[in-house]
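None of the figures in this text is laboratory data; all of them are computed from the coordinates on show. This one's a predicted model, so the numbers in the text were calculated from it and none came from an experiment. When we count neighbours, we look across all protein chains shown, and the Cβ atoms used for this are built from the backbone with ideal geometry, even at glycine.
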Amino acid sequence: MMSSPRASGASGTYVHPPEQLVRIPMVGGWLAVGADLFLLLPWFFAFFYLEALNTHHDWKPSGVHPPSVALGTLVMLLAVGGVAVYFVGIRWLLDRGTYPRFVPMGWTAMVLVVASIAVNVVQLSHMGFGVSSGGYASVFVGLSVVYTIQLGVLVLWLLAVTNRARYEIAHPPVAPTDGVALSEEAMPLEAMGASLRVFAGFLGAVVLLSWLVLYFL
Amino acid sequence: MSQTALLGSGPSSRGLSLRRVLLTQNLLTASVVGTILGLCAYWLGAHLDTTDNGDAGILLGYVVGSASFLLALGFGNDLLRYLRGRPVAVEVKSTGTQSWTRYFGISLDHKVVGVQFGVGVIFMFLVAGFQAMMIRTELLRPKPYLWPAGQYTALVGLHGLMMMFVATLVIVGPFGNYFVPVMIGAKRMAFPRLEALAFWLVPLAAIVLYSSIFQGSGGGFPTGWTGYANLADEARAGMDGYIVAFCFIGTAAVIAGINLLTTIFVLRAPGMSWSRLPIFAWAMVAVEFLSALAPPVLASTLIMVGMDRAVHSSFFLPSNGGSPYLYQEMFWFFGHPEVYIFAIPAFGIALEMLPVFARKPLFGYKIGVAGMVGLAMLSWFVWNHHIFTSGIAPGLRPFFMTATEFISIPTGIVFLNMLGTLWRAKISYRVPMLFVLAFFFNFLIGGLTGVFLSDVPLDTTLHGTFFVVGHFHYTIVGGEIFAMYAATYYWFPKITGKMLNERIGQIHFWTAFVFFNTTFMPFFALGFLGMPRRVPTYFPSLQGLNIFISINAYLFGLSNLIFIGNIIYSWAFVSERAPANPWNSRSLEWQLPTPIPPDNFERIPTIIAGPYEYGNPTALPVADFGASPAVAPSV
Ligand SMILES: [Cu+2]
């Protein structure tokens with residue numbers, strides 16, 4: 001099984017050389033964020049396009065106002081706070097390699113993001129208007145649901161990284177034999193964590209921007 | 001549980017006993033689970049939403065059914081390991097089984113996935129091609145006689161969208177996955193599990209798309225492949241299949257894009273500098289940026305259509321604060337890069353093969369790379385040429401017309417590469433080369449008619465006519481599909497160990513080349529004469545031309561059967577093994593034994609020379625396969 005490291009690196013016959021292995025999640029992460037950016041662009045484009053057209057004055061028909069700004073701000077603060085906690089935690093991990101100090105930070109970040117999702121669900125079920133109440137209502141619901149689902153993905157990825165840190169604490173690496181780094185050919189925790197930092201930072205910015213656009217423009 | 005069982009390739013070495021088949025993760029159990037859970041979700045959704053077509057139920061059924069199919073096939077296993085914090089290996093060593101069953105499950109070998117893609121996409125090509133024959137049969141008469149107008153439109157839409165799926169993946173899927181890692185000296189793709197997922201989304205998309213035939217009265221969708229709102233908002237239930245299937249193919253394209261790019265960026269062997277990268281791999285770099293970034297725009301657009309249909313939001317309904325123009329802008333912002341997702345891999349194939357058969361270095365390698373990258377970048381700035389006649393602000397037209405005409409510059413560069421490489425060359429007219437030369441001929445016509453259409457006054461006249469249909473068939477069929485033929489003849493010996501029969505190949509080539517042109521050249525005339533697309537009724541005076549086209553279309557269809565026949569005959573009925581490097585190519589994949597070992601290279605090679613040094617007696621071999629320092633290349 002995977003928990004028993006194979007010493008294949010020493011003989012030079014590994015699948016990916018270790019220095020390439022650590023770059024895979026980072027490059028893949030940046031590309032995924034690029035794809036995600038293009039997934040989110042249409043929602044912002046739809047906002048400004050439909051607002052500018054305001055067909056038959058149905059962008060915000062009478063009676064449609066942005067829902068509770070207080071709840072919306074709470075959603076944003078919880079999500080951005082979760083991302084910030086993760087940033088501090090992964091910084092410690094990458095700079096000092098202290099896995100035990102990272103684990104509680106990972107859990108805290110997860111709790112904050114889950115809370116953000118929960119508050120947003122409450123917000124979406126008490127909007128004061130329905131999804132069929134014009135252009136603004138459509139974009140509000142669509143964009144909120146899209147970034148909330150992505151916050152769910154963030155929680156899963158946080159779970160994976162935090163659990164991996166716990167696993168590494170319980171299974172300290174075998175000492176390298178001949179100066180070659182540990183050769184077990186699984187993605188190193190540091191690489192996973194750094195890649196998640198890219199996605200988390202991006203998503204935090206998206207939530208912040210959505211909050212500004214949906215509640216104040 | 002053993003790793004093989006975890007990965008869903010369970011029932012292989014120990015025979016296919018019924019009990020093993022029913023209790024492991026395999027295609028059969030996954031199909032059963034997917035169907036049952038999909039129907040449950042459909043039933044649930046239909047009960048939650050009883051207002052109209054029951055779109056919520058249909059959409060939910062497709063998504064839940066497909067997701068549970070993928071999970072039951074085994075895609076959740078390693079995901080669960082990740083979530084539990086367990087290290088997941090880059091690659092589980094092959095257990096030595098070479099059983100045929102590995103083609104029916106999740107495989108982490110990029111060569112198996114390449115073959116899966118090849119067989120799957122060619123099957124889809126045949127289905128959609130058969131529909132083309134149905135279309136041509138209907139058009140034998142100027143009035144509907146086989147299918148009423150609504151069904152004819154659905155038929156054209158299904159043919160069009162299925163062919164879009166084929167064109168998106170027909171080169172990247174089989175040849176990109178199979179050969180890019182080998183060409184750059186890597187043992188694996190960067191993300192082998194995602195690679196397998198990209199493939200398995202394809203049959204799901206095909207099934208979902210064709211299930212739309214059974215939705216609603218009449219079946220199918222009325223919009224053609226472009227799915228314009230707000231017709232799509234109002235269409236019957238078949239539209240839901242369009243939305244979900246297109247999203248699946250888009251997802252597959254994004255995943256393939258991220259995977260191939262990461263592979264090429266990170267996993268090049270030592271010495272494989274950017275200036276030694278095979279031009280086909282460069283084409284993959286250029287195209288996969290489009291493939292990673294454009295389909296997400298489509299996905300969001302289609303989610304909006306789905307919301308409009310299922311929960312009555314109004315992104316595209318002008319009566320309620322939406323706008324159908326919004327759809328057109330976003331669809332074509334995806335749609336134009338999408339057509340370069342078809343074209344650029346074909347350029348890569350053509351430029352990769354020219355030097356091999358001309359026995360000369362590739363002329364202008366660097367400007368060829370610049371041409372393909374430039375083409376990819378320009379493709380983001382031209383999308384409004386599709387909606388010149390939709391009522392966009394007239395002031396926007398000159399910009400998009402000019403931007404579109406600029407595209408002929410990078411395209412022209414690729415033609416210069418071709419002319420320079422062929423100049424004073426001793427050309428070997430083997431079948432792959434014939435198809436490459438035909439590619440340039442066909443694409444020239446496709447490209448030039450594109451310049452016509454970019455011109456606003458001409459487009460105002462020709463929009464929505466058969467001229468447009470002729471244009472994009474020349475680029476996609478005459479261009480990309482001909483490049484696919486070339487690639488198949490070229491790489492078949494490395495994949496299967498058998499040469500495709502040269503004589504049958506020559507027959508295939510000449511029938512394909514002649515009947516393709518006699519089929520589609522008259523489309524331009526039909527367009528000038530005002531025959532509209534997607535309509536089964538036309539002026540009776542055009543019947544003679546249409547009959548001529550239909551006969552030639554049948555013959556072109558027959559030519560494709562010759563191609564398939566050649567594949568089956570050469571693969572299954574010829575016992576003679578192909579030599580390891582029948583074309584005397586310098587490229588890395590041809591330096592390996594056939595079949596390529598599961599790990600590609602025992603040791604990662606060191607690249608010491610470029611791949612196109614033909615006719616240079618002092619050129620070094622392309623790679624040193626001995627003990628290698630295995631240092632990461634500098635980016
Ligand atoms: Cu275009």
Open item on the list: For peptide B:608-614, what's the mean number of Cβ atoms from other chains within 10 Å of each residue's Cβ?
Closed with: 0
Task: Additional length obtainable on full extension of the chain from B:L23 to B:Y103, 0.36 nm per residue less Cα span - done: 26.9 nm
Open item on the list: Taking R0 as 25 Å, what FRET efficiency do you get between B:S390 and B:L458 from their Cβ-Cβ distance, rounded to the nearest 0.05?
Closed with: 0.95
Task: Cα→Cβ-extended label distance, 7 Å offset, between B:L444 and B:E234, nm - done: 4.7 nm
Open item on the list: Quick query: amide H of A:A186 versus all other amide H atoms, modeled in the peptide plane; which residues come in under 5 Å with a sequence gap of 5 or more or a different chain?
Closed with: B:V90
Task: For B:T537, net neighbour charge (Lys/Arg +1, Asp/Glu -1) across residues whose Cβ lies under 14 Å away - done: +3
Open item on the list: Could you tell me the ratio Rg/Rh of chain B? Both radii from Cα atoms, Rh via Kirkwood.
Closed with: 0.96
Task: Tensor-based shape of the stretch B:558-597 (alpha-carbon gyration tensor, a/c under 1.5 rounded, otherwise prolate or oblate) - done: prolate
Open item on the list: As a footprinting exposure proxy, order B:D55, B:D455 by other Cβ within 10 Å, with the fewest listed first.
Closed with: B:D455, B:D55
Open item on the list: What does the C-alpha gyration tensor say about the overall shape of the protein assembly as shown? Classify as rounded when a/c is under 1.5, otherwise prolate if a/b is larger than b/c, or oblate.
Closed with: oblate
- [ ] Quick one: order A:W43, B:W510 by neighbouring beta-carbon count within 10 Å, fewest to most.
- [x] B:W510, A:W43
TODO: Report, ordered by chain and residue number, the lysines lying within cross-link reach of B:K187, taken as a straight Cα distance under 19 Å and ignoring same-chain residues fewer than 8 apart.
DONE: B:K93, B:K111, B:K494
Task: Helical mean residue ellipticity (222 nm; -39500 (n - 2.57) per DSSP H run of 4+; nearest 500) of chain B - done: -20000 deg cm²/dmol
Open item on the list: Test of the criteria: in the stretch B:395-446, which chymotrypsin sites (Phe, Trp or Tyr not before Pro) are in a DSSP loop and have at most 13 other Cβ atoms within 10 angstrom of their Cβ?
Closed with: B:W423, B:Y429
Task: Proxy reagent accessibility, fewest Cβ within 10 Å first, across B:I504, B:I481 - done: B:I504, B:I481
Task: Mean separation of Cα contacts under 8 Å, 6 or more apart, over the residue count of chain B: relative contact order % - done: 14 percent
Open item on the list: For a Förster distance of 22 Å, can you work out the FRET efficiency between the beta-carbons of A:A191 and B:L80, rounded to the nearest 0.05?
Closed with: 0.65
